[in-house]
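Undergrad: Below is the structure I would like to discuss, written out as structure tokens.
The values are calculated or read from the model by the stated rules, or taken from the named source; none is laboratory data. In this text, all values refer to a predicted model and were calculated from it rather than measured experimentally. Neighbour counts run over all protein chains shown; Cβ positions are idealised from the backbone, glycine included. Only protein heavy atoms, including side chains, enter the accessible area calculation; ligands, DNA and RNA are left aside. Shrake-Rupley method; radii C 1.70, N 1.55, O 1.52, S 1.80 Å.
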Amino acid sequence: MPDRPYLRHPAIRGDRLAFVTDDDVWVGSIRQGGAWRLGAGPAVVRGPRFSPDGSWLAWTSRAAGG
């Protein structure tokens, strides 16, 4: 695997950006920079999406199987 990071499944709502990297969901601020991991685990995650008002973030996971 390359030493550079890779970002998948980006979602933007206002100033906030959510994305998946290394099978973890991250969220950050576009204006302020920086990102925070929301959770870590062995499951494959994808598709983070903000709620219409931007107060919630949801994603799919294979933590419980297929």
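Undergrad: Any chance region 35-43 includes a residue that's in contact (Cβ under 8 Å) with a residue 24 or more places away in the chain, of a type in the set (Gly, Ala, Ser) and under 19 Å from SER61 (Cβ atoms)?
TA: For region 35-43, residues in contact (Cβ under 8 Å) with a residue 24 or more places away in the chain, of a type in the set (Gly, Ala, Ser) and under 19 Å from SER61 (Cβ atoms): absent.
Undergrad: Restricted to region 23-35, and to residues that are surrounded by 14 or more Cβ atoms within 10 Å (Cβ to Cβ) and either in a strand (DSSP E or B) or hydrophobic (A, V, I, L, M, F, W, C) (or both), which residue is modelled with the lowest pLDDT? If you could, list the steps in order and put the result at the bottom.
TA: First, pick out the residues of region 23-35 that are surrounded by 14 or more Cβ atoms within 10 Å (Cβ to Cβ): 23-28, 35.
So of that shortlist, the ones also either in a strand (DSSP E or B) or hydrophobic (A, V, I, L, M, F, W, C) (or both) come out as 24-28, 35.
On the way: ASP24: 90, VAL25: 93, TRP26: 94, VAL27: 96, GLY28: 94, ALA35: 93.
Filtering first and then ranking leaves ASP24.
Undergrad: Just the residues that are at pLDDT below 80 and either aromatic (Phe, Trp, Tyr) or open to solvent by 60 Å² or more (accessible area, probe 1.4 Å) (or both), please, taken from region 36-61.
TA: ALA40
Undergrad: Still on this model: I want to confirm something. Restricting to region 1-22 and keeping residues that are modelled with pLDDT of 85 or more and not in a strand (DSSP E or B), which single residue is least open to solvent (accessible area, probe 1.4 Å)?
TA: Ranking the candidates gives ASP15 first.
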